[in-house]
Amino acid sequence: MDSWLKYILDYLLEERGFDFSGYNPSMVERRIAQRLTAIGCKDFSDYLLYVKENSDEIDNILDVLTINVSRFFRNTLTFELLAERILPTIIMEKLERNDKSIRVWSAGCAMGEEPYSVAIVLDDLLCREELTMDLHIFATDIDSKSLDGAVKALYPISSIENIKYRLLRKYFTQTQSGQSFQVVPEIREKVLFSFYDMLDKKHKVPPESIFGNFDLVFCRNLLIYFNTEYQETIFERLHQSLNQNGYLILGSAEAPTIKYQRHFKKVFDFSTIYKKR
Ligand SMILES: C[S@@+](CC[C@H](N)C(=O)[O-])C[C@H]1O[C@@H](n2cnc3c(N)ncnc32)[C@H](O)[C@@H]1O
């Protein structure tokens, strides 16, 4: 790794406690280079000087490193399988045990599109079956700006393109300008957003969730940025955070590392939904 890059990553760790050393170095370099160009620095040593003299620049680096693109019902098939197969199974097993709570974690939740999507699917399913259960949906990220946006729950048209019209009408209100949609309060209040670094050394699960024990964990489009060592740290905590019959949902380009393949069993060979072993 180039020394200027190492310096910036060390600086991020010292100043803010973020460890980006396990992120793909070419991705990190490419994204920091965007900042260099935006500021108009000559080269990386010029940029280093700028960072040392302008501590606010750290926020801009964090912004470019945390890629927070998401949308509602990303990977439509995953959400169809959840609605038709996985969630009905979880609900049936719970009711048999007289357990009326469902615990979900969206790890790397960006602006909340993913946890709100699962809250919508669950609410719709429970309404249809005329069932009442307590939904505890925890959603975490290291990008504070995204978390602020998630709480406001206001989205452009591009975020809602995968939503069925029936669900859009039931769970969103359109703003006066017609250009944005807001999630209804009944769904917003089901999701608890908090800051949590997936590499946090102190807490193996978000402290707000107290003990983990999740029925369903989403960790999608986050692992792709990490090297194998860091992915394994994350798979270990994902495994521990799930209850005995829990499900893990990964992004479409993600899979457990070789070491963790025996910890998770693929539920359908055409999707990235896994069951804890
Ligand atoms: C591409 S988004 C994925 C959003 C959503 N899960 C999806 O699949 O649509 C990746 C998210 O992971 C977050 N992230 C990156 N590194 C993280 C870390 N170490 N701990 C927690 N979140 C992280 C980013 O801030 C970003 O919001």
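Laboratory data are not the source of any read-out in this text; all were calculated from the coordinates shown. For clarity, every value in this text was computed on a predicted model and none was experimentally measured. In this analysis, Cβ positions are derived from the backbone assuming ideal geometry, glycine residues included, and neighbour counts consider all displayed protein chains.
A few comments on the model shown:
- Residue-wise HN-Hα coupling along the stretch 33-46, computed from phi with Karplus coefficients 6.51, -1.76, 1.60 (Hz; x: Gly, Pro): 4, 4, 5, 4, 5, 4, 7, x, 6, 5, 8, 5, 5, 4
- Trypsin sites (Lys or Arg not before Pro) lying in DSSP loop within the stretch 149-200, provided at most 14 other Cβ fall within 10 Å: Lys164
- Once the chain from Ser177 to Cys127 is taken as fully extended at 0.36 nm per residue, the excess over their C-alpha distance is 14.9 nm.
- Unit charges at the beta carbon, dipole of the chain: most positive-side option, Phe138, Phe79, Phe44: Phe79
- Relative to one another, the C-alpha centroids of the stretch 177-245 and the stretch 1-37 are positioned 24 Å apart.
- Computed E for Ile58/Lys259 - FRET, C-beta separation, R0 30 angstrom, nearest 0.05: 0.35
- For the stretch 197-277: rounded, prolate or oblate by the Cα gyration tensor [a/c cutoff 1.5]: oblate
- Cβ-to-Cβ counts within 10 Å put Met133, Met111 in ascending order as Met133, Met111, the fewest first.
- Lysines with Cα under 21 Å of Lys52, excluding same-chain neighbours fewer than 8 positions away: Lys6, Lys42
- Relative exposure of Cys219, Cys127, judged by other C-beta atoms within 10 Å (fewest first): Cys127, Cys219
- Taking the number of Cβ atoms within 10 Å of each Cβ as an exposure proxy, the fewest-first ranking of Ser101, Ser117, Ser180, Ser271 is Ser101, Ser180, Ser271, Ser117.
- Residues of type aspartates and glutamates that Lys94 reaches as a straight line, Cα spacing below 14 Å, ignoring anything fewer than 8 places off in the same chain: Asp134, Asp215
- Using the Karplus relation 6.51 cos²θ - 1.76 cosθ + 1.60 with θ = phi - 60°, the per-residue 3J(HN,Hα) values for the stretch 232-239 come to 5, 4, 6, 4, 4, 6, 5, 4 Hz, with x marking Gly and Pro.
- DSSP-loop chymotrypsin sites (Phe, Trp or Tyr not before Pro) across the stretch 190-237, with at most 11 other Cβ within 10 angstrom: Phe211
- For the stretch 137-241: lysine pairs under 30 Å (alpha-carbon distance), excluding those fewer than 8 apart on one chain: 17
- For Ser106, the residues 5 or more places off, or on other chains, whose built amide H falls under 5 Å of its own are Phe138, Ala139, Thr140, Phe218.
- The trypsin sites (Lys or Arg not before Pro) of the stretch 197-228 that DSSP puts in a loop, and whose beta carbon has at most 10 other beta carbons within 10 Å, are Lys201, Lys202.
- Global form of the stretch 10-115, assessed from the alpha-carbon gyration tensor, a/c cut-off 1.5: prolate
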